[in-house]
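Reviewing the structure listed below.
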Amino acid sequence: MGSGIAIWQVIILTIYSMYQIMDELTLQTSLSQPIWAGIIAGLVMGDLKTGLIIGGSLQLTVLGVGTFGGASKIDANSGTVMATAFAIGTGMKPEVAVAALGVPVASLMIQTDIVARFANTFFQHRIDKLIDEENYSGIERNYLYGYLPWTLSRGIPVFLALAFGGPFVRTAVDYMNTNLLSNGLATAGALLPAVGFAILLRYLPVKKHWPYLILGFVITAMLSTIYGNVTLLGTTIAGMNAKFTTVFANLPMLGIALIGFALAAMQYNRSVKESNLVAAQPKQNAGATDLDEQDGEIHGDEL
């Protein structure tokens, strides 16, 4: 195709976009998260790194976003799929793809989500009628039919955009990559994860656990500085001495995650102990009251 996306890639990404909403509504295996959408789209398009960058950026963007009841939310998964596909297929910068395609597409998909919910009420009313008729096989069939509006609400837009959006997207990419506006879009794309963190911190008990926030920031900054300088030193030595072939590892995010897990476990154990102590105090007070009453009775008998 003109956009650099093969038809088999369009089909696979369309199938995944249809599956991810089913997974989010039923199985919830985490494959419906933007980071997984970036991994899968990156593997299909042949550039896992770009997929991880875009998926990770949109994952952080919606990290603190949640909905309740029947409220619709932005579809960051479909945005990740399209942004990754076009970024790799047309050579768009990942930061620009996030700002120019990922977030706008994710926001526009709210409308298709509403259409899917509205269309799904048709099967819901049929199920209500079949419940009165005690037609259990019909209930099961219409329950499965309810998947159609949901899957098509993601599959159709993704397929049309990937299959026929190539010329327009290529023109837009050439313009954004060469125009001064691309710097602004790249900056906006880089800031979106910070917005996601800000939303998340808004609902976390930061005031109560602010020491852990400071400690996590210091540990991350310190390790980033240390490993960044070590990598730079190794690169410099390798440029001066061809026999120097040692490869230095990058920042171990798993190590930082384990440090955070250890701190969280310590805080959890401390909270459990405090809860147990608070629960045990009324019993101790009750026991002391019983002893006082018994002493009073004994002294009364002696008198």
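The values are calculated or read from the model by the stated rules, or taken from the named source; none is laboratory data. Source: prediction; values computed, not measured. Please note: Cβ atoms are built from the backbone with ideal geometry, for glycine as well, and neighbour counts cover all protein chains shown. All accessible areas refer to the heavy atoms of the entire protein, side chains included, with ligands and DNA or RNA removed. Shrake-Rupley method; radii C 1.70, N 1.55, O 1.52, S 1.80 Å.
What the table below lists for this structure:
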item: Unmet criterion (only one of (1) modelled with pLDDT of 90 or more; (2) open to solvent by 70 Å² or more (accessible area, probe 1.4 Å); (3) not acidic (Asp, Glu)) for Gln28; result: (1)
item: Any chance Ile156 is open to solvent by 30 Å² or more (accessible area, probe 1.4 Å), in a helix (DSSP H, G or I) and farther than 30 Å from Ala83 by Cα; result: no
item: Whichever residue in the range 2-21 is in a helix (DSSP H, G or I) and among the aliphatic types (A, V, I, L, M) and, among such residues, is nearest to Asn77 (Cα to Cα); result: Ile21
item: Test: residue in the range 90-100 that is crowded, with 24+ Cβ neighbours inside 10 Å, under 24 Å from Leu43 (Cβ atoms), of a type outside the set (Val, Ile, Thr) and without any contact (Cβ under 8 Å) to a residue 60 or more places away in the chain; result: no
item: Residue that is modelled with the lowest pLDDT, among those in the range 31-54 that are among the β-branched types (Val, Ile, Thr) and over 14 Å from the mean Cα position of the chain (by Cα); result: Thr50
item: Some residue of the range 199-209 being aromatic (Phe, Trp, Tyr), exposed (fewer than 10 other Cβ atoms within 10 Å of the Cβ) and part of a helix (DSSP H, G or I); result: yes
item: Leading residue by the ranking (nearest to Leu152 (Cα to Cα)) among those in the range 101-117 that are free of Cβ contacts under 8 Å to residues at least 40 places away in the same chain and not hydrophobic (A, V, I, L, M, F, W, C); result: Gln111
